[in-house]
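For reference, the structure is listed below as structure tokens.
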Amino acid sequence: MSGILNSSIGRKFAMALSAFFLMIFLLQHFAINILSVFSADAFNEASHFMGTFWAVQYLLQPVLIFGVIFHFVMGFVLEIKNNKARQISYAKNNGAANSSWMSRNMIWSGLAILAFIVLHFIDFWIPEINTKYIVGDMSGMHNGEFRYFHELVEKFHSPLRVGAYVVAFVFLALHLLHGFNSAFQSVGANNKYTKGLKTFSKIYAIGIPAGFIFIALFHHLTGH
Ligand code: HEM
């Protein structure tokens, strides 16, 4: 592994793989969260399953946490290496003229997402871990019913939190718009399928964050 990470291509490839993994995670996270708009029961059942099934908790969750940290650390490494390389600058590197604003600012959109994840963990993940593994209550129940839906709705009462989430989701869209194409490029998917992949990337990069915005606003505005 360290051998792969010693070359520039290897680092980009590893970055792309971690990005694909996180995109799959995001899709399943969205699929479960959107249930909360249609059926509180379905959302509760899915959340309870994900929150208590051993393979999710003890295999997938550690891999996910590793994936997030890897992507973040590697993003910094690539940014620093790129900046160093740029000191021996291109004959012509006129910012907007030969690269998009988003491609030059992946580190900033990434940091905005990281700030969101810290807030998001304080909101949801830490209380979950506390209830399940510190208090030791794996039942998922509160006052005779599953607590997940109720907790979600409660969190989206605050306009400040909803505002912060919406801003973060806009940054997520910007990050994904460039990130997707860049990741496909890094794994060499630059061929006759490129046009299709680009369309798919755009739909995902705008559709998923827009869907998350919809979920947050839906619970905020309807109060349930
Ligand atoms: C409306 C939007 C969202 C809602 C309502 C939401 C809700 C939740 C909830 C309830 C959990 C707790 C799961 C648990 O541990 O039991 C969670 C975990 C998590 N969320 Fe979100 N989420 C949203 C958007 C996002 C986005 C956009 C990202 C990534 C950029 C994200 C990343 C995560 C991560 C990494 C975890 C920890 C997963 C784990 O349990 O290991 N979430 N989210």
- The answer for the longest stretch of the chain without any exposed trypsin sites (Lys or Arg not before Pro) (DSSP loop, at most 15 further Cβ atoms within 10 Å) is 93-191
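Run lengths n ≥ 4 of DSSP H only: what is the helix-derived mean residue ellipticity at 222 nm for the chain, with -39500 (n - 2.57) per run over all residues, to the nearest 500? Write out the running numbers ahead of the final one.
Details: 9 runs with 159 residues, N = 224.
Value at 222 nm, helices only, nearest 500: -24000 deg cm²/dmol.
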- Message: As I understand it, the dipole of region 148-210 uses +1 on the Cβ of Lys and Arg and -1 on the Cβ of Asp and Glu, about the Cα centre. Which of Thr194, Ala168, Ile206 lies farthest toward its positive end?
- Response: Thr194
- Query: Near the amide H of His142, under 5 Å away, which other amide H atoms are found, from residues 5 or more places off or on another chain, if H is placed in the peptide plane?
  - Reply: Arg147
- Item | Max mean-square fluctuation residue, GNM over the chain, Cα-Cα springs under 10 Å, options Ala31, Ala16, Ala85 | Ala85
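Once you charge only the Cβ atoms, +1 for Lys and Arg and -1 for Asp and Glu, what is the size of the charge dipole of the chain about its Cα centre, to the nearest 20 debye? All intermediate terms of the calculation are to be shown ahead of the outcome.
On the way: 15 positive and 9 negative charges, 301 e Å.
Value, rounded to 20: 1440 debye.
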- Divide, for region 169-224, the radius of gyration over alpha carbons by 2.2 N^0.38 Å, where N is the residue count. 1.42
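If you take every residue apart from Leu217 with its C-beta less than 14 Å away from the C-beta of Leu217, what net charge results, scoring Lys and Arg +1 and Asp and Glu -1? Mind dumping the intermediate values first?
Details: positive: Lys155, Arg161; negative: none.
For residues surrounding Leu217, the net value is +2.
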- Note on the structure: Rounded to the nearest whole number, the per residue volume of the convex hull around the C-alpha atoms of region 2-222 in Å³ is 155 Å³
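A short reminder: the numbers here are calculations on the coordinates, not readings from a lab. All values reported here derive from a predicted model rather than from experimental measurement. Methodologically, a virtual Cβ is constructed for each residue, glycine included, from the backbone with ideal geometry; neighbour enumeration extends over all protein chains shown.
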